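To start, the structure under review is shown below, and the notes come after it.
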Amino acid sequence: MRSSSKVAKIGAVLVSFSLLCLAHVAATTEDFDIKEDYEFPEAFKFGVSTAAFQIEGAWNEGGKGESMWDTYIHEHPEYTLDHSNGDIAADSYHKYTEDVKIIKDLGVKYYRFSFSWPRILPQGTDNKKSKDGIDYYHKLLEELRRANITAVVTLFHWDMPTPLMDLGGWSNPKMVDYFLDYARFAFEEFGDEVKIWTTMNEPHQHCYNYCYYIFSVLQSGTYAHYMLLAHAKAYRLYEKEFKPRQNGRVGITLDAFWADPKNSTDPLDIEAAERYRQMRLGIYAHPIYSNIGDYPPLVREIIDTNSRLQNFTRSRLPVFSKEEIELLKGSSDFFGLNHYTTYLMSHPTINETWTIPSWDHDTFVRMEQNLAWPIPGADWLSVYPPGFRKLLNWIKNNYGDVPIVITENGMCDFGGLKDYTRVSYYNDYLYQVLLAMYKDNVNVEGYFAWTLLDDFEWTDGYATKFGLYEVDFDSPERTRRKKLSADNYRNIVEKRKIDFDYIKQPKMKKLPYQTPEEENTV
Ligand code: BGC
């Protein structure tokens with residue numbers, strides 16, 4: 001639901017098309033018939049990802065403070081599709097030993113999860129700390145160490161402490177200091193156990209989709225600026241004060257849908273697609289990964305021009321000082337990338353209903369899905385594996401040989417253990433990663449499946465399922481059960497190859513997407 005609200009607002013054509021699709025996921029994509037027998041290199045890092053708010057539950061235990069998601073959803077149950085909240089979620093706070101066990105069963109050597117900022121610092125500021133919250137993460141890290149699994153910790157995966165959100169969240173420059181204090185504490189307290197950090201998960205989605213559209217608490221514009229500065233300061237802090245003795249790496253996770261021009265020969269559509277990429281990904285990536293630093297020139301030009309036309313005295317996009325440009329340039333040891341889907345972009349020809357000013361109006365593209373691409377679950381996620389390879393190439397072409405860690409990739413449906421569609425999704429998307437590595441020389445260092453467990457999917461609540469493991473949200477035990485996609489992923493990790501025949505869908509009664517009941521009786 002997260003992006004559907006957005007897409008609806010910009011007038012895109014979104015039609016749930018699942019039942020009409022007659023082809024298997026793979027059969028809808030190019031480059032699929034001839035499969036080379038590529039291998040993932042020995043050093044390639046395979047992992048699974050989760051996020052604190054989506055699985056932990058225990059929303060008010062052990063002295064935890066409230067995050068914006070606790071507060072807003074308690075006040076407005078209607079913000080989620082099923083009127084649910086994250087109070088218990090998958091209850092990983094109590095079931096973390098079981099969760100480490102299933103991660104180990106998958107054979108992956110890396111686990112990416114996030115710290116809940118208000119579980120550690122209940123008010124968001126570092127004058128008050130929760131001993132129980134800190135102990136919880138030490139216990140989880142110890143469990144991972146014993147299972148020989150390397151922790152990859154995200155400091156901020158959207159659960160902003162409510163008292164800080166009340167101050168305006170990322171549109172308030174003071175957030176840079178609060179984040180830095182939190183990061184310093186995390187590095188000091190956990191830095192001997194955690195050697196791979198990411199500062200933030202998907203700044204774009206957090207601000208644009210949730211804070212702006214759903215919760216209406218942020219104005220469009222300035223947040224990118226302060227999130228970037230907070231990230232860069234945390235990176236430099238680690239580099240100077242912690243790296244010499246802790247010897248870890250710090251990065252950031254950015255997200256992007258791939259954007260293809262709707263009409264690949266129309267210059268206006270080609271421009272629209274590139275405008276979208278720059279406004280969505282370039283705005284965060286260019287200051288960090290480009291050789292010249294700062295915002296992409298196109299983004300600067302668009303927002304400055306629109307600000308002038310909208311009678312602002314100064315641009316809505318703040319200006320980095322020379323020192324800040326240098327601070328940001330190179331402030332990441334890898335490119336954390338989350339990718340799920342592709343959209344078709346065209347130059348708008350009808351009156352769109354965008355708010356002015358807004359990110360949508362600045363970006364000025366019409367977004368559509370290709371109706372030939374399957375949509376197995378939430379309406380924003382259609383399956384088009386080649387978009388992944390194109391995105392990886394775009395990153396390489398713009399930012400050179402930076403090591404890319406795919407920190408999230410996965411697919412949602414509406415449940416069922418025999419998740420053949422998810423098996424195909426992983427096979428087909430991972431194959432595109434191999435093509436990018438072997439044919440295009442893109443430097444991909446690792447891959448994390450999203451996600452270990454069915455979880456609280458933000459405004460979808462528990463309606464859509466991304467997990468390799470099912471969670472029974474009706475049982476007090478929150479029982480976990482393995483899906484076929486977990487077996488398939490384990491096989492890929494073990495063999496370091498994709499075996500497209502490993503799990504084959506038996507003759508389907510109804511192509512290609514079945515209800516959970518049907519899936520389980522095939
Ligand atoms: C987020 C996850 C989310 C996933 C699927 C990503 O944008 O980082 O938290 O669950 O998408 O919606």
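Do any GluC sites (Glu not before Pro) in region 423-496 lie in a DSSP loop with no more than 12 other beta carbon atoms within 10 Å, and if so, which? Mind showing how you got there, number by number?
On the way: sites: Glu445, Glu457, Glu470, Glu477, Glu494; in loops: Glu457, Glu477.
Hits after loop and neighbour filter: Glu477.
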In terms of modelled amide H atoms, which long-range or inter-chain residues lie less than 5 Å from the amide H of Thr342?
-> Trp258, Ser382, Tyr384
Rounded, prolate or oblate: which fits region 254-353, taking a ≥ b ≥ c as square roots of the Cα gyration tensor eigenvalues, rounded meaning a/c under 1.5, else prolate when a/b beats b/c?
-> oblate
Leaving out ligands, DNA and RNA, what percent of the accessible area of the chain is carbon and sulfur, probe 1.4 Å?
-> 51
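My understanding is that a pair violates if its Cα-Cα distance is over 26 Å; which of Lys240/Lys322; Lys129/Lys240; Lys95/Lys418; Lys262/Lys507; Lys174/Lys322 do that in this structure?
Values: Lys240/Lys322 20 Å; Lys129/Lys240 24 Å; Lys95/Lys418 24 Å; Lys262/Lys507 34 Å; Lys174/Lys322 20 Å.
Table pairs above 26 Å Cα-Cα are Lys262/Lys507.
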Cα centre as origin, Lys/Arg/Asp/Glu Cβ charges: region 230-376 dipole, Debye = 600
Just need the Rg to Rh number for the chain, please, alpha carbons only, Kirkwood Rh.
-> 0.93
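Using a simple charge model, +1 on the beta-carbon of Lys and Arg, -1 on the beta-carbon of Asp and Glu, nothing else, what dipole does region 130-243 show about its Cα centre, in debye to the nearest 20? Don't skip to the answer; put the middle values down first.
Values: 11 positive and 15 negative charges, 62 e Å.
Rounded to the nearest 20 debye, it is 300 debye.
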Charge dipole (debye, nearest 20) of the chain; +1 at Cβ of Lys and Arg, -1 at Cβ of Asp and Glu = 820
Considering the options Phe53, Met160, Leu141, tell which one lies farthest towards the positive end of the dipole of the chain, charges being +1 on Lys and Arg and -1 on Asp and Glu at the Cβ, about the Cα centre.
-> Leu141
Taking amide H positions as placed in the peptide plane 1.01 Å from N, state which residues far from Phe156 in sequence (5 or more) or on other chains have amide H under 5 Å from it.
-> Met200, Asn201
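Is it possible to state the helix-based mean residue ellipticity at 222 nm for the chain, with each DSSP H run of 4+ residues giving -39500 (n - 2.57), the sum divided by total residues, to the nearest 500 deg cm²/dmol? What is it? Provide the component values of the computation, followed by the final result.
Numbers: 19 runs with 188 residues, N = 522.
When only DSSP H runs of four or more count, the value is -10500 deg cm²/dmol.
The values are calculated or read from the model by the stated rules, or taken from the named source; none is laboratory data. Note that the structure is predicted; figures quoted are calculated from it, not measured. So basically every Cβ, Gly included, is an ideal-geometry build from the backbone, and we count neighbours across all protein chains shown. Heavy atoms of the whole protein, side chains included, go into the accessibility calculation; ligands, DNA and RNA do not. Shrake-Rupley method; radii C 1.70, N 1.55, O 1.52, S 1.80 Å.
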